[in-house]
Structures are given as C-alpha cells and as structure tokens.
Amino acid sequence: DTEVTQTPKHLVMGMTNKKSLKCEQHMGHRAMYWYKQKAKKPPELMFVYSYEKLSINESVPSRFSPECPNSSLLNLHLHALQPEDSALYLCASSHIQGLQETQYFGPGTRLLVL
Amino acid sequence: DAKTTQPPSMDCAEGRAANLPCNHSTISGNEYVYWYRQIHSQGPQYIIHGLKNNETNEMASLIITEDRKSSTLILPHATLRDTAVYYCIVRPNYGGATNKLIFGTGTLLAVQP
C-alpha cells in the first residue's frame, strides 16, 4: 500500500467556522507533512512532523493548527480562516531512512473560504 | 537550498521521447536532484532522483551532467497521460524528516496527440 489518503476532497467553510482536514497513511512512514498550494503556484511547505512531534513550522498563522495523534494520522485544524486561505492542501509522508527520503503525496483537499 | 531553473512549458508529440531540462548551477556535493510531477488537480507524484550517476526506473531516466550543474528528465515514450507540471528539486539529504522539498515553478509538459 503506497497510498496517502486525505479527507474531505472538497471543503467550503465560512470565516467563523471550525473544520479539520485529515490525512492517513499505512506505509509505516514516521514523517508527515502539510503543504499549501494556491492556484497556478507550486506547493509550499507548512508543517513537518517527525515521530509524531512537530519539527518544522514554516511561520504559519495560528489559525492553522496541526496535530499528529499517532504515526498514521495527521490532522490540520482550521479556525477563523480568511478567503485568501482558499487553496489545495496537500499531505505527504516519508520514511526516515539514511540519506534517502522520498515523499509521497495525497490527492489533496480543495478548500474554499467564503 | 540550491535553486533550479526550468523552462515554463514544453510540447511533445505522443509516442516520442520527452526531454525536460533543469539547471542547478549552485548545487553542492551532498545535494540530490529529485523530480516530481503534478497532473492537474492531483497531488505531486515522485518520479526519480539521483546524486551524480544516471538513474533509470520504470517511469523515466535521469541524466545528470558530470559537473552536476544540470540534468535532464527523459520520458522515453510520452503519452497523453504524461501531460503535467514537472518539478525539478535540489535538496540536501542529511537524513531525517527535516529536509524540505522546495518546489520551483516547474515545466508544464503538454503531450500532443
């Protein structure tokens, strides 16, 4: 199984809503990532979890709150978002193995903030 | 992180080889070259990576120049399903999850019937 799954596929939310994005992998990977991709732009790293601990936060606003409850799951909690936060949110995972590290991506959650 | 330069777009006829160039003139000795692609509205897909030797897998071949300042991704027989944005990424590989994938703007490859 080389799949990273993300739910929901699409999400529409108002600026006062609280919602969560979910990511799951069963490849035994111990590193998981959140990326944000605006239309016609490349993906940009948001957060990295290593062994269920947050290791990188790329200065992401606090209205985005990541959580890694176990080695297979990664959540992104959303609260008080702005319309400019509308984007494709991608999850990825990777092994931590020596000098080689390949990230595998999920299909993404397309978020629209009204 | 070393930066990469790729042409914004390329066309290729179906069934022909697609050769996608990438310049990475500031690459340093421990930095690998990775290629990913992103088909419209999907997540990026890993293709191949290499350090200094040429590499081949079931998807593509990666040719890295001897001075490592540039590389070429070769799709030997392009199909319409290969139409995608192709990203060339140079990243250090110290090991561990703290390595970042920094995507450039990529090359939009359009495979024509």
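Annotations
- Between A:LEU45, A:LEU112, A:LEU81, the distinction of being assigned to a strand (DSSP E or B) and buried (at least 17 other Cβ atoms within 10 Å of the Cβ) belongs to A:LEU45 only.
- All conditions in (1) over 13 Å from the mean Cα position of the chain (by Cα); (2) surrounded by fewer than 17 Cβ atoms within 10 Å (Cβ to Cβ); (3) modelled with pLDDT of 95 or more hold for B:GLY95, with the sole exception of (3).
- Among the conditions (1) free of Cβ contacts under 8 Å to residues at least 24 places away in the same chain; (2) surrounded by 20 or more Cβ atoms within 10 Å (Cβ to Cβ), the only one that A:PHE105 does not satisfy is (1).
- Checking B:LEU20, B:LEU75, B:LEU62 one by one, the residue that is within 14 Å of B:ALA110 (Cβ to Cβ), in contact with an Asp or Glu (Cβ under 6 Å, 6 or more places away or on another chain) and not β-branched (Val, Ile, Thr) is B:LEU75 and no other.
- Total residues in segment B:10-67, condition within 14 Å of chain A (Cβ to nearest Cβ), polar (S, T, N, Q) and under 30 Å from A:ALA39 (Cα atoms): 4
- Taken as a whole, the structure places A:LYS40 among residues that are among the charged types (D, E, K, R), modelled with pLDDT under 95 and surrounded by fewer than 16 Cβ atoms within 10 Å (Cβ to Cβ).
- Scanning segment B:28-81 for residues being free of Cβ contacts under 8 Å to residues at least 24 places away in the same chain, surrounded by 13 or more Cβ atoms within 10 Å (Cβ to Cβ) and of a type in the set (Asp, Glu) gives a total of 1.
- Subset of segment A:16-69 [charged (D, E, K, R), under 28 Å from B:CYS88 (Cα atoms) and touching a residue at least 60 places away in the same chain (Cβ under 8 Å)]: A:ARG30
- When A:VAL12 is tested against (1) in contact (Cβ under 8 Å) with a residue 60 or more places away in the chain; (2) touching a Leu at 6+ places or on another chain (Cβ under 7 Å); (3) surrounded by 15 or more Cβ atoms within 10 Å (Cβ to Cβ), only condition (3) is not met.
- Filter pass, B:LEU80 being within 13 Å of chain A (Cβ to nearest Cβ) and either in contact with a Ser or Thr (Cβ under 9 Å, 6 or more places away or on another chain) or farther than 15 Å from B:THR107 by Cα (or both): no
- So A:GLU24, is it surrounded by 13 or more Cβ atoms within 10 Å (Cβ to Cβ), out of contact with any Lys or Arg (no Cβ under 6 Å at 6 or more places or on another chain) and either more than 20 Å from B:SER41 (Cα to Cα) or polar (S, T, N, Q) (or both): no
- Out of B:VAL111, B:VAL90, sole residue that is surrounded by 21 or more Cβ atoms within 10 Å (Cβ to Cβ), assigned to a strand (DSSP E or B) and modelled with pLDDT of 85 or more: B:VAL90
The values are calculated or read from the model by the stated rules, or taken from the named source; none is laboratory data. Being a predicted model, the structure only gives us computed values, none of them experimental. All Cβ positions, glycine included, derive from the backbone under ideal geometry; neighbour counts span all protein chains shown.
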